[in-house]
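Each remark here refers to the structure printed beneath this line.
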Amino acid sequence: MSAPVLELDAVSRQHGEGATLVQALRTVSLRVTAGELVAVMGPSGSGKSTLLTLAGGLDAPTAGVVRVEGTDLAGLGPAGRARMRRTSIGYVFQDFNLIPALTAAENVALPLELDGVRTSAARAAARTALEEVGIADLADRFPDHMSGGQQQRVAIARAVVGDRRLVLADEPTGALDTETGEDVLRLLRGRCDAGAAGVLVTHEARHAAWADRVVFLRDGVVVDETTSDPVESLVETGA
Amino acid sequence: MSVRFALLALLEQGPKYGYQLRSEFEQRTGSTWPLNVGQVYTTLTRLERDGLVEGAGSDEQGHVVYRVTDAGRDEVATWFTTPVARTQPPRDELAIKLALAVTVPGVDVGTVIQQQRSATIRALQDYTRLKRQEPLDLAWSLVLESLVFAAEAEVRWLDHCEARVRRAAAEAPAPEPSRTDEKQETTR
Ligand SMILES: Nc1ncnc2c1ncn2[C@@H]1O[C@H](COP(=O)(O)OP(=O)(O)O)[C@@H](O)[C@H]1O
Ligand SMILES: [Mg+2]
């Protein structure tokens with residue numbers, strides 16, 4: 001078996017202390033290998049976003065270890081983590097989080113340029129990424145002039161540009177209608193089929209169903225998990 | 001009911017024999033509701049008795065071929081323009097199970113709900129794998145989506161049940177402190 005791209009080893013995150021202590025996540029372990037898409041489901045407040053921010057190095061655990069491509073994020077220091085976020089980890093949020101003053105291509109190229117890639121090379125990579133998500137023709141548009149679904153495609157392009165191997169998506173379909181949401185899942189799935197590791201936080205079963213495995217969180221604890229083995233087919237394909 | 005109308009609708013496209021009707025029905029519905037050929041012939045016999053289809057001789061291989069009558073065409077038209085009735089809800093094992101789980105003492109309702117949610121999501125994963133096998137036949141993809149929507153609705157309902165059960169538990173009067181709690185108090 002290949003080494004996991006993402007590994008959470010008995011990770012906990014608590015906020016506050018004493019009477020105001022909140023255990024957002026309690027000794028959660030999770031491994032995601034290349035090619036795999038894992039969905040995380042659970043009610044509001046169950047720790048889904050906490051899990052994802054820890055996986056993405058945006059927050060640090062109070063106990064346990066987070067490794068991305070074998071590297072312990074805690075051992076990297078803030079600068080190293082920031083670099084890891086620009087080169088290995090892509091993040092997709094519900095509200096797209098695009099910079100309004102930049103065009104689609106500029107938004108996508110930004111993480112590469114911040115990482116010191118020359119502008120022309122970064123723009124070329126951005127165009128390739130936009131092509132991959134099917135909106136190459138919108139490269140010069142500003143976010144305000146795009147639909148929600150188009151903006152989310154840009155956000156996905158930005159999350160995967162430069163061949164980042166770990167894609168983390170927090171409710172990426174939350175603001176989209178069913179069909180558009182499905183397109184977003186198709187893209188994430190395609191990215192994982194092409195070798196990335198993905199974690200998708202969602203409360204929608206139809207979207208979680210695109211994942212190989214579904215992990216259920218309750219009160220910061222993993223309470224259940226579906227396996228990745230296909231079940232015996234419930235229905236046969238049409239001829 | 002629906003098999004009868006489905007066969008009539010298929011016959012609108014031209015005369016056919018039993019096996020043909022079965023395979024066309026299954027192709028459109030992705031074998032979701034398998035038909036046996038005996039069922040097809042029984043239905044055809046009843047449709048013939050009711051004047052909705054008639055025999056049209058047999059083909060070179062000796063298959064008995066049927067065609068739709070004018071009365072049959074009217075019947076199909078009416079079927080397509082009449083909504084499917086939401087009659088008495090069918091007995092729903094899951095709803096009954098949960099109704100009993102919340103009332104019978106000693107049942108861990110949370111576990112009942114989670115196990116069902118897991119199983120339903122596994123089914124959804126299976127449907128989704130089928131959806132990914134493009135290109136999908138339009139008729140079959142609509143049937144598949146109907147399964148997806150139904151499973152999705154079930155999961156949403158389970159989420160709702162879970163939230164309600166948790167809220168009810170939180171609002172219930174606090175139980176007497178147990179012995180183990182007391183012990184912890186005294187050792188502190
Ligand atoms: N910065 C924080 N300070 C205090 N509590 C927090 C903080 N961030 C999250 N929490 C708490 O941690 C729990 C998990 O939150 P979160 O991971 O956002 O849940 P989810 O994404 O599943 O809705 C919640 O109870 C939330 O209130
Ligand atoms: Mg959240």
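Go through the range A:24-52 and report how many residues are near ligand 2 (Cβ under 10 Å from one of its atoms) and surrounded by fewer than 17 Cβ atoms within 10 Å (Cβ to Cβ).
2
In the range A:188-239, how many residues are open to solvent by 10 Å² or more (accessible area, probe 1.4 Å), within 7 Å of chain B (Cβ to nearest Cβ) and modelled with pLDDT of 85 or more?
2
I need a count of the residues in the range B:27-56 that are within 14 Å of chain A (Cβ to nearest Cβ) and either closer than 17 Å to B:Arg73 by Cβ or part of a loop (DSSP other than H, G, I, E, B) (or both). Outline the logic, then answer.
Residues of the range B:27-56 within 14 Å of chain A (Cβ to nearest Cβ): B:27-35.
Subset that is either closer than 17 Å to B:Arg73 by Cβ or part of a loop (DSSP other than H, G, I, E, B) (or both): B:30-35.
Qualifying residue count for the region: 6.
Restricting the search to the range A:9-57, which residues are under 19 Å from A:Arg85 (Cβ atoms), within 11 Å of ligand 1 (Cβ to nearest atom), hydrophobic (A, V, I, L, M, F, W, C) and free of Cβ contacts under 8 Å to residues at least 60 places away in the same chain?
A:Leu54
Of all residues in the range A:204-227, count the ones that are within 15 Å of ligand 1 (Cβ to nearest atom), more than 23 Å from A:Ser12 (Cβ to Cβ) and assigned to a loop (DSSP other than H, G, I, E, B).
Number of matching residues: 1.
Considering each of A:Gly64, A:Gly56 in turn, give the residue that is within 16 Å of ligand 2 (Cβ to nearest atom), in contact with a strand residue (DSSP E or B) (Cβ under 6 Å, 6 or more places away or on another chain) and farther than 30 Å from B:Trp157 by Cα.
Details: A:Gly64 fails: within 16 Å of ligand 2 (Cβ to nearest atom).
That would be A:Gly56, the only listed residue that is within 16 Å of ligand 2 (Cβ to nearest atom), in contact with a strand residue (DSSP E or B) (Cβ under 6 Å, 6 or more places away or on another chain) and farther than 30 Å from B:Trp157 by Cα.
From the list A:Thr87, A:Thr62, which residue is polar (S, T, N, Q) and within 14 Å of ligand 1 (Cβ to nearest atom)? Steps first, please.
Numbers: A:Thr87 fails: within 14 Å of ligand 1 (Cβ to nearest atom).
When all the criteria are applied, what remains is A:Thr62.
The values are calculated or read from the model by the stated rules, or taken from the named source; none is laboratory data. As the structure is a prediction and not an experimental result, all values here were calculated from the model. When we count neighbours, we look across all protein chains shown, and the Cβ atoms used for this are built from the backbone with ideal geometry, even at glycine. SASA here: full protein model, heavy atoms, side chains in, ligands and nucleic acids out. Shrake-Rupley method; radii C 1.70, N 1.55, O 1.52, S 1.80 Å.
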